[in-house]
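Comments concern the structure below.
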Amino acid sequence: MIVAIDGPAGSGKSTTARRVAVQIGYLHIDTGAMFRAVTYAAIEAGIPAEDEALMGFVDRIPLVIEVRGADFRVMLDREDISAAIRTPEVGAQVSDYAQLPAVRAYLLGRQRKLGYEAKAAGSGAVMEGRDIGSVVFPDADVKVFLQASKHTRAARRFAELT
């Protein structure tokens, strides 16, 4: 089964997805972390979002996603960058990279593969991120769209950044 959890930043997608994954014994897949990882790799390589070199670079990123239950780790060339992708520098630039067709196409394939592999293995995945239920898994078995007030979202984001 694939559970798709979508919603705006700060709405509680990550917290909810992790808790649901643990509760039902599914994999938790944080697709936002995947976009952050591509952004981090491009920044480290010195490739700005508007550079056409990014198109060829995306396919060569030695990005490995390790998922064990609710434990989601991002590896870049055997280095765990799970914490590094959460820095303000990466956060400030992730939307610039995430909107690029080459990045979206690359990650769409990786996200679908992770979800369908988990489903085929007899369990499932709790996928969280933007466009999960509408673009990545329009055929998800369960779709959830979380909403929260602007105040709550801002408070969550502030707590995350401090």
With all protein chains present, how much of the accessible area of the chain (probe radius 1.4 Å) comes from carbon and sulfur, to the nearest whole percent? 54 percent
So, with +1 on the Cβ of K and R and -1 on the Cβ of D and E, and no other charges, what is the size of the charge dipole of the chain about its Cα centre, to the nearest 20 debye? 680 debye
The chain, accessible area per residue, ligands and nucleic acids excluded (1.4 Å, Å²): 54 Å²
Please list, in order along the stretch 50-55, the HN-Hα scalar couplings obtained from phi with the Karplus expression 6.51 cos²θ - 1.76 cosθ + 1.60 (θ = phi - 60°), rounded to whole Hz, x for Gly and Pro. 8, 7, 5, 4, 4, 4
Compute the length gained on full extension between Ser123 and Ala9: take 0.36 nm times their separation in residues and subtract their Cα-Cα distance, giving the result in nm to one decimal. 38.3 nm
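Percent antiparallel among DSSP beta bridges with both residues in the chain, to the nearest 5? Show your work: numbers first, answer last.
Working: 8 of 20 bridges.
If I count the DSSP bridges inside the chain, around 40 percent turn out antiparallel.
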Rounded to the nearest 0.05, FRET efficiency between Asp51 and Glu79 (Cβ-Cβ, R0 30 Å) equals 0.85
Apply the Karplus parameterisation 6.51 cos²θ - 1.76 cosθ + 1.60, with θ equal to phi minus 60°, to every residue of the stretch 96-110 and state each ³J(HN,Hα) to the nearest whole Hz, in sequence, with x for glycine and proline. 5, 7, 4, 7, 6, x, 5, 5, 4, 5, 4, 6, 4, x, 5
So, taking all protein chains as they sit and a 1.4 Å probe, how much accessible area belongs to Arg68, in Å² rounded to tens? 150 Å²
Residues meeting the amide H criterion for Gly124 (H placed from the backbone, H to H distance under 5 Å, 5 or more places apart or on another chain) are Leu27
Less than 29 Å apart at the alpha-carbon level, and either on another chain or at least 8 residues along: which lysines does that give for Lys113? Lys13, Lys143
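What FRET efficiency do you get for Ala92 and Val142 if R0 is 35 Å and r is their Cβ-Cβ distance, rounded to the nearest 0.05? List each step's numbers first, then the result.
Working: r = 33 Å, r/R0 = 0.94.
FRET efficiency, Ala92 to Val142: 0.60.
Going by a ≥ b ≥ c, the root eigenvalues of the Cα gyration tensor, does the chain fall in the rounded group (a/c under 1.5), the prolate group (a/b larger than b/c) or the oblate group?
Details: a/c = 1.62, a/b = 1.23, b/c = 1.32.
Oblate, since a/c reaches 1.5 and b/c is not below a/b.
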Once the Cα gyration tensor of the stretch 55-103 is diagonalised, semi-axes √(5λ) in Å: 20, 15, 10
For Ala9, distant residues with modelled amide H under 5 Å away: none
Enumerate the aspartates and glutamates that Lys119 could reach by cross-link, defined here as Cα to Cα under 12 Å, with residues fewer than 8 away along the same chain left out. Asp141
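Quick check: with the 1.4 Å probe, what order do Glu50, Glu79 take by accessible area, largest first? Walk me through the intermediate numbers first.
Details: Glu50 150, Glu79 100 Å².
The ordering from most to least exposed comes out as Glu50, Glu79.
Relative contact order of the stretch 1-82: what whole-number percent is it, with Cα pairs under 8 angstrom and at least 6 residues apart? Mind showing how you got there, number by number?
Numbers: 79 pairs, mean separation 22.7, N = 82.
Reported relative contact order: 28 percent.
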Go ahead and run the numbers for FRET between Glu44 and Thr162, Cβ-Cβ distance against an R0 of 25 Å, rounding to 0.05. 0.50
Using only protein heavy atoms and a 1.4 Å probe, report how much of Tyr116 is accessible, in Å² to the nearest 10. 90 Å²
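For the chain, what is the relative contact order in percent, using Cα pairs closer than 8 Å and at least 6 residues apart in sequence? It would help to have the intermediate numbers written out before the result.
Working: 252 pairs, mean separation 73.5, N = 162.
For the chain, the relative contact order is 45 percent.
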What value, in deg cm²/dmol to 500, does the helix sum -39500 (n - 2.57) over DSSP H runs of n ≥ 4 give at 222 nm once divided by the residues of the chain? -15000 deg cm²/dmol
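The values are calculated or read from the model by the stated rules, or taken from the named source; none is laboratory data. Just so we're clear, the structure is a prediction, and the values are computed from it rather than from any experiment. Note: ideal-geometry Cβ built from the backbone for every residue, glycine included; neighbour counts use all protein chains shown. These area figures cover heavy atoms from the full protein model, side chains too; ligands, DNA and RNA do not enter into them. Shrake-Rupley method; radii C 1.70, N 1.55, O 1.52, S 1.80 Å.
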